[in-house]
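**Q** The structure that follows is given in the form of structure tokens.
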Amino acid sequence: MNKKYSLKQMREVWIDAYLNGEVDWLAYLEAPSFFVRKGAEQISKAGQMANIERSQAKFPNRRPGDVEFKELISEIREHTEWATVSGFASFRRKGEIVSQCEFFELWLVLENRWQIASLCIEDINRAARP
């Protein structure tokens with residue numbers, strides 16, 4: 001298998017699309033069966049897209065860069081057809097932490113490219129993280 005873009009490159013584009021609410025890019029980068037698991041709640045790809053579109057309608061003046069994202073990756077395991085990424089992330093607005101979480105991502109090679117299949121998030125409240 002010869003993938004045109006690396007996992008790292010696809011992941012960077014996915015994070016950027018997520019932070020900027022670019023649903024067209026998310027639709028391309030996320031597997032058809034993509035879901036987000038946050039605590040006991042599970043959100044489908046369609047549900048995630050709907051949430052983003054509602055947020056954009058509610059806050060039309062939100063600009064890229066309003067939220068600063070930092071992450072500390074603790075492990076990446078890349079195999080031929082799948083990979084996992086785990087670590088810690090924080091989101092800041094105007095310098096203040098608004099959210100921190102531990103995360104786990106499952107990436108699959110579908111259609112000869114990396115696509116994210118699932119994102120599992122657990123909120124944390126630890127000031128010592130990124």
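**Q** Can you tell which of Arg37, Arg62 is charged (D, E, K, R) and modelled with pLDDT under 95? Spell out the reasoning first.
**A** Working: Arg37 fails: modelled with pLDDT under 95.
Answer to the selection: Arg62.
**Q** Could you go through segment 99-113 and let me know if any residue there is part of a loop (DSSP other than H, G, I, E, B) and closer than 18 Å to Val67 by Cβ.
**A** Filtering segment 99-113 down to residues part of a loop (DSSP other than H, G, I, E, B) leaves 111-112.
Pick out the ones that are also closer than 18 Å to Val67 by Cβ and you get none.
Scanning segment 99-113, I find no residue that is part of a loop (DSSP other than H, G, I, E, B) and closer than 18 Å to Val67 by Cβ, so the answer is no.
**Q** Between a residue in segment 33-58 that is of a type in the set (Val, Ile, Thr) and any residue that is surrounded by 12 or more Cβ atoms within 10 Å (Cβ to Cβ) and in a helix (DSSP H, G or I), which pairs come within a Cβ distance under 9 Å, given they are 6 or more apart or on different chains?
**A** Val36/Lys45; Val36/Gly47; Val36/Gln48; Ile43/Asn51; Ile52/Tyr18; Ile52/Val23; Ile52/Leu26
The values are calculated or read from the model by the stated rules, or taken from the named source; none is laboratory data. Just so you know, these numbers come straight off a predicted model, no measurement behind them. Positions of Cβ are generated from backbone atoms using ideal geometry, with glycine treated the same way; all protein chains shown enter the neighbour counts.
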